[in-house]
1. With springs connecting C-alpha atoms under 10 Å apart, model the chain as a Gaussian network and identify which of LEU18, LEU274, LEU263 has the largest mean-square fluctuation.
2. Please compare each pair in LYS92/LYS216; LYS84/LYS278; LYS216/LYS312; LYS139/LYS250; LYS84/LYS312 to a cut-off of 31 Å on the Cα-Cα distance and tell me which ones are over it.
3. In nanometres, what is the gap between the two model label sites at ALA102 and SER188, each 7 Å from Cα along Cα-to-Cβ?
4. Among rounded, prolate and oblate, which fits segment 1-81 when a ≥ b ≥ c are the square roots of the eigenvalues of its C-alpha gyration tensor, a/c under 1.5 means rounded, and a/b larger than b/c means prolate?
5. Once both axes come from the Cα atoms, what is the angle between helix 322-335 and the longest principal axis of the chain, in degrees from 0 to 90, rounded to 10?
6. Can you pull the percent of Cα pairs in segment 1-149 with separation above 24 Å?
7. Given +1 on the Cβ of Lys and Arg, -1 on the Cβ of Asp and Glu, and no further charges, what dipole in debye does the chain carry about its Cα centre, rounded to the nearest 20?
8. Cα extents of the chain along the three principal axes, largest first, in whole Å?
Amino acid sequence: MHVLVTGGAGYIGSHTCLSLLESGMDVTVIDNFCNSSPEALQRVQSLTGRSIRVIEADVRDAEALETVFSGPRIDAVIHFAGLKAVGESVAKPMLYYDNNVAGTFTLLQAMQRANVSTLVFSSSATVYGDPAPEHLPLKETAPCGITHSPYATSKWTVERCLADLHAAQPEWRIARLRYFNPVGAHSSGRIGENPSGTPNNLMPFVSQVACGARPKLSIFGDDYPTHDGTGVRDYIHVMDLAEGHVATLKYLASHPQGELLTLNLGTGQGCSVLDVVKTFETASGRPVPYEIVPRRPGDVPAYYADPSQAQKLLHWRATRSLRDMCADTWRWQAANPQGYDHR
Ligand code: NAD
Ligand code: UD1
């Protein structure tokens, strides 16, 4: 199978490219490198001993897509390319709708022209909004679409459009994968998350504190109705997530009559901020100083997946522990304190 991976140089994309290559698939990447480095793909190639066709272009560029699809036959597309910073999306909604929604439309049109109708789309647990406690763990059937940011709206809009496309053309094979909180890195420590500037997300912040690049972590609230008062999330190792994409492609390939899948990719385990801090300290052997500060606006107390549907259909499950997530993040952080670009 030859897979086109949009945004393949990014955090989840690079780990997924590695899993695809290791499972024998061929990979073409299209990426404009607006939030990534070509070095990630160099390292994926050296780790796997296999080559990737890399095209530097924007998914909103219809001509560039035409060129991609007129090369070697593409069997399926995994669409990671998009912007993901929730706060930035509030400040720049049009940028997010253009990249995430219009970018997906341009891609779908190019796929239609090229007669490629197998797509895996990166959605997010953010489509569940602020889930009521009785909906935990979250099943795919939980209420969706009451979104709290343009980023979330962009994901929900694309999910809806893909459902409409499948209803009109049921021969399409589409998977809408709702990721919970991806963290960790490949166990080699050669590829990992490479945030620019101050990280918004917990795990990269914790690892920068552990290595001394930042003095302390601010924990946003300790008065939530959770086991220790800090926010609870479903952290999933990025390699488990990557392997979930390979399993999804195999599932879609075995459904030639068409399919519309909507699946949570998570572990089903809720971990608090303090659970993460303590596990990281043990895994790294480094202290993670912190202070409790007020809640971050827009944060929800707790959400975690019911991953049973993905387990049943894909014969896939997340196997790596929070300890593995922390140890692998630390190995990557310690070996690449400046990420990819400054070595
Ligand atoms: P990332 O920023 O590391 O990767 C995205 C990649 O897409 C980058 O390489 C970037 O350069 C590229 N890109 C962005 N806009 C592009 C465009 N218009 N044309 C071509 N390339 C473009 O992000 P990630 O964490 O790997 O996330 C991948 C996908 O998964 C995104 O769609 C994101 O919204 C979704 N997602 C991520 C998370 C998470 O926590 N990381 C959670 C849920 C969903
Ligand atoms: C955030 C996004 C979500 C996105 C996800 C990607 C928001 C509101 N939501 O989710 O849309 O899909 O990232 O993984 O931005 N925390 C701290 N201190 C920090 C950072 C985080 O205490 O410096 C806490 C948060 O309050 C939360 C937990 O850690 O309880 C996880 O936060 P984060 O990694 O930002 O992920 P989410 O908020 O779940």
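The values are calculated or read from the model by the stated rules, or taken from the named source; none is laboratory data. This structure is a prediction, so every number in the text was calculated from the model and none was measured. All Cβ positions, glycine included, derive from the backbone under ideal geometry; neighbour counts span all protein chains shown. What goes into the accessible areas is simple: the full protein's heavy atoms, side chains included, and nothing from ligands, DNA or RNA. Shrake-Rupley method; radii C 1.70, N 1.55, O 1.52, S 1.80 Å.
1. LEU274
2. Check vs 31 Å cut-off fails for LYS216/LYS312.
3. Using points 7 Å along Cα→Cβ, the separation is 3.8 nm.
4. Oblate, since a/c reaches 1.5 and b/c is not below a/b.
5. Computed tilt is about 90 degrees.
6. Tail of the P(r) past 24 Å holds 38 percent of the pairs.
7. With only Lys, Arg, Asp and Glu charged at Cβ, the dipole is about 440 debye.
8. Projected onto its principal axes, the Cα set of the chain covers 54, 47, 39 Å.
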